[in-house]
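The values are calculated or read from the model by the stated rules, or taken from the named source; none is laboratory data. In this text the structure is predicted, and so the values were computed from the model without any measurement. Note that each Cβ is placed from the backbone with ideal geometry, even for glycine, and that neighbours are counted across all protein chains shown. Note: accessible area is taken over every heavy atom of the protein model, side chains too, but ligands, DNA and RNA are not part of it. Shrake-Rupley method; radii C 1.70, N 1.55, O 1.52, S 1.80 Å.
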Amino acid sequence: MNTKIKSWLVFLIFLNGYVSLSLELVVLRQLSFYVGSSAVITSIIMGIFLGFMSLGYFLGSSEKIKNTGIRKILSASFLVIALFACMASSFHLITNYFVVMYMGGITSSVVQTFIYSFVFLSVGPFLFGFNTTLLSRWLHKYNTNYTGNIMAWDTIGSVMGSLATTLVLMPFIGVNYTVMLIVLLSVIAAVVTYRKLAVFIFGILILVPTIYINSDWFQRKNYGILVNNANSTISVSDMNGMRVLNMNGLPMSIYDINSGSMADYINYINNHFIYTMPTDKMHKILVLGAGGFTAGLQDTFNDYTFVDIEHTLKDVSEKYFLNQKLTPNKKFIVQDASQYLKNTDEQYDLIILDVYSNSYQIPEGLITAEFMERLKSRVGPNGIIVMNMIMSQSFNDKYSQVFDNTFHTVFPNNTQRQVIGYGNPWVNQDVVNILYIYYNRENAGRIYTINKTPVIYDRYAK
C-alpha cells in the first residue's frame, strides 16, 4: 500500500472517531437545556449511542459489501452522518422536538430522551461503527497487520474529539459553531472519500442550512440567546422593563428596572437578611450561584463574593440584564461551588446558596450531606446560611422528603423553613420556592419536658 492511500485511510479513521465523540458530547450539552444532565439521562444517551455503534460494527463486516464499492458507501455514509449531526445537535431543531413532545402530552424527561435517542441518535452512531469496519477492511486489503493501528487512530480521534470539544471549542467558540464544525468535517470526509460533483452538491445542501440555523444571528433573533457555550445557554427577555435572565431554559433572575423589584425569594433575602445588617462593621457575604447578581444589588457597603461556573454571567448581567456595573464591593469568582468551599479558608457572616434552579435539574453533588458539612464549615460565629430550594411545600414527593432529612442531619438545630409566595398544601403540585435557613449559634440541644420546664429563665438567657 502506498503512503498516500495509507495516510488517507488513517485520516478518515481518525476523523470518524473525532466526529463521533464530539457529536455525543454536543448532544449531551444541548439536551441538558431541556432534560438536565443527570446520570439517568446520560446513561440513556450513551447506551443507545454505543448500542447502535456496535450494530454498525457488526453489519459492516457483511460479505455482501464488495470492496470495490466501499468508496461510494463511505462517502454516502459521511453525508448521512452530516445530516443527522445537524438534526441531532442544532438547538433550533431540538427545541421544536420538545415542543412536539409537550404538545403530544409526553412530559417525562426519561421518555423524551429515549424517543429522541432512538430517532436522532441511531443512524449516526450506527454509521460511525459501520464506517470503522469498512475502513478496517480496506486497510486489511493491503496489510492484515494494521488492526492495532486502526484501533489506535480511531481511539486517538475519539480522545481528541472529547478534549477539543469540551476544553476548547464549546467554551471559546460556542456550541453552535461546534455543531457547524462537526457537520463540516463530515462533509469533508465525504468529499475526500469520493470526489464527485454530486457529493460536493449534497454536502453544500446540508452545510448551508446547518450554518444558518446555528448562526449567532438566527439564535439571537429567534431565542434571544446571548451565550451558548459548554456550561450554559443564556438569554435575556424584556417586557416593558421586566427583565428575565434565562439559563439553560430556566428563569434564573428577575429584575424590574422601573421599580427595582426582583424575584420574590431574592426580595425576601434582601429585605430580611442583607439590608437589615448592622452597619457597625463590614460583613462578608458569599453568594454561591450568581444568577443575575441581584442579591444585595443596592448594598454598596458590605463585602460580596459571587461564585459561579459560568464565566460570562457578569458581563451578560451588566450589559443586558441590569444595565449597570456591579459596585466595587462585589467580586466574581469563576469556580465550582463545592471546590470554592473546599479551597477557601474564609468565614462568612452570610452564605446564600442559589444553585437549585429547578426540581428536575439538580446539581446532585450539592444536595449531599457531605456538601452541606463543607458549607457549614464556612459560616462564621452567629452567621447565617440561606439555601433557596424549589420543592414541594407539603413534602409531597420523595425528593422533598429526603432533602429535608439530609438538611436536618447536618443542621439539626436553629433552622427555619420559609415558604416564599403562594403554595397550596392540599394539591398534588405545590412546588414553590422554599428557603432553608440555618443560624450558627450555640445550642445545647435541651428540650422541655413535664418534669423540667425552666422557660421563664430561658426566655431572658443569652
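Could you pull out every residue, at least 5 positions away or on a different chain, whose amide H is within less than 5 Å of the one on ASN433? Hs are placed 1.01 Å off N in the peptide plane, and Pro or chain starts have none.
For ASN433, the qualifying residues are ILE420.
Would you mind classifying the chain by shape? Square roots of the alpha carbon gyration tensor eigenvalues, ordered a ≥ b ≥ c; an a/c under 1.5 is rounded, otherwise it is prolate if a/b is larger than b/c and oblate if not.
prolate
For an R0 of 22 angstrom, estimate the FRET efficiency from the Cβ-Cβ distance between SER377 and THR42 and round to the nearest 0.05.
Once rounded, the FRET efficiency stands at 0.10.
Do you know the Lys pair count in the stretch 280-342 for C-alpha distances under 19 Å, with sequence separation 8 or more or different chains?
11
Defining a contact as two alpha carbons under 8 Å apart and six or more residues distant in sequence, what relative contact order in percent does the chain show?
13 percent
Please list 3J(HN,Hα) in residue order for the stretch 165-173, calculated via the Karplus relation 6.51 cos²θ - 1.76 cosθ + 1.60 where θ = phi - 60°; whole Hz, with x for glycine and proline.
After applying 6.51 cos²θ - 1.76 cosθ + 1.60, I find 5, 7, 9, 10, 5, 5, x, 9, 10 Hz.
What list of ³J(HN,Hα) couplings, whole Hz, do you get for the stretch 340-345 from phi and the Karplus terms 6.51, -1.76, 1.60, once you set θ to phi - 60° and write x for glycine and proline?
My calculation for the stretch 340-345 gives 4, 4, 5, 8, 8, 10 Hz in order.
With a 1.4 Å probe and every protein chain kept in, tell me what percent of the accessible surface of the stretch 231-301 is carbon plus sulfur. Intermediate values should be presented prior to the final figure.
Working: 1600 of 3100 Å².
Carbon and sulfur: 51 percent of the exposed surface of the stretch 231-301.
Based on alpha-carbon centroids, what's the gap between the stretch 419-447 and the stretch 153-201 in Å, whole number please?
What the calculation gives is 50 Å, centre to centre.
I'd like the carbon and sulfur percentage of the solvent accessible area for the stretch 319-427, probe radius 1.4 Å, heavy atoms only, ligands and nucleic acids excluded.
After summing per-atom areas, the C and S share lands at 50 percent.
Quickly estimate the mean residue ellipticity at 222 nm for the chain, helices only: each DSSP H run with n ≥ 4 gives -39500 (n - 2.57), and the total goes over all residues, rounded to 500. Intermediate results must be reported in sequence, preceding the final value.
Values: 16 runs with 222 residues, N = 462.
Rounded to the nearest 500, the figure is -15500 deg cm²/dmol.
Using the Karplus curve 6.51 cos²θ - 1.76 cosθ + 1.60 with θ = phi - 60°, what ³J(HN,Hα) values do you get for each residue of the stretch 255-267, in whole Hz, with x for Gly and Pro?
Values per residue, Gly and Pro as x: 8, 9, 5, 7, 9, x, 6, 10, 4, 3, 6, 5, 4 Hz.
What FRET efficiency, computed as 1/(1 + (r/R0)^6) with R0 = 25 Å and r the Cβ-Cβ distance, is obtained for LEU50 and ASN96, rounded to the nearest 0.05?
Step by step, r from the Cβ atoms, then E = 0.40.
Helix 123-142 sits at what angle to the longest principal axis of the chain, using alpha carbons and giving 0 to 90 degrees rounded to 10?
Rounded to the nearest ten degrees, it is 40.
Straight-line reach only, C-alpha to C-alpha below 29 angstrom: list the lysines that LYS72 could link to, leaving out same-chain residues fewer than 8 apart.
Of all the lysines, those that pass the test against LYS72 - Cα under 29 Å, at least 8 places apart if same chain - are LYS4, LYS6, LYS64, LYS141, LYS196.
So, in nm, how far is label VAL334 from label ASP303 when the simple model puts each one 7 Å beyond its Cα toward the Cβ?
Result for the modelled spin labels: 2.4 nm.
Given labels modelled 7 Å from the Cα in the Cβ direction, how far is it in nm from ASN424 to ILE173?
Taking the two extended label points, one gets 5.2 nm.
Any idea what angle helix 197-213 forms with the longest principal axis of the chain, computed on alpha-carbon atoms, 0 to 90 degrees, nearest 10?
10 degrees
In degrees, nearest 10, range 0 to 90: what is the angle between the Cα axis of helix 70-89 and the longest Cα principal axis of the chain?
Orientation of helix 70-89: about 20 degrees from the principal axis.
What full-extension length gain, to one decimal in nm, is calculated for THR406 and MET282 as 0.36 nm per residue of separation minus the Cα-Cα distance? If you can, show how the numbers build up before the last one.
Values: separation 124, 0.36 × 124 = 44.64 nm, distance 3.24 nm.
Gain on extension, THR406 to MET282, equals 41.4 nm.
Under a point spin-label approximation (7 Å from Cα along Cα-to-Cβ), what is the ASN267-ASN443 distance to one decimal in nm?
2.9 nm
Quick query: amide H of GLY380 versus all other amide H atoms, modeled in the peptide plane; which residues come in under 5 Å with a sequence gap of 5 or more or a different chain?
TYR348, ASP349
Can you pull the percent of the stretch 53-98's accessible area that's carbon plus sulfur, 1.4 Å probe, other chains left in place?
On the way: 1440 of 2160 Å².
The C+S portion of the solvent-accessible surface of the stretch 53-98 is 67 percent.
Measuring with a 1.4 Å probe in the full set of protein chains, what accessible area per residue, in whole Å², belongs to the chain?
Accessible area per residue: 49 Å².
Give the long-range amide H neighbours of SER261: residues separated by 5 or more places, or on another chain, with amide H under 5 Å away, using H modelled in the peptide plane at 1.01 Å from N.
ASP256
Considering the dipole of the stretch 100-254 built from charges on the beta carbon (Lys and Arg +1, Asp and Glu -1) around the Cα centre, which of LEU250, ILE182, SER109 is farthest to its positive end?
Of the listed residues, the answer is ILE182.
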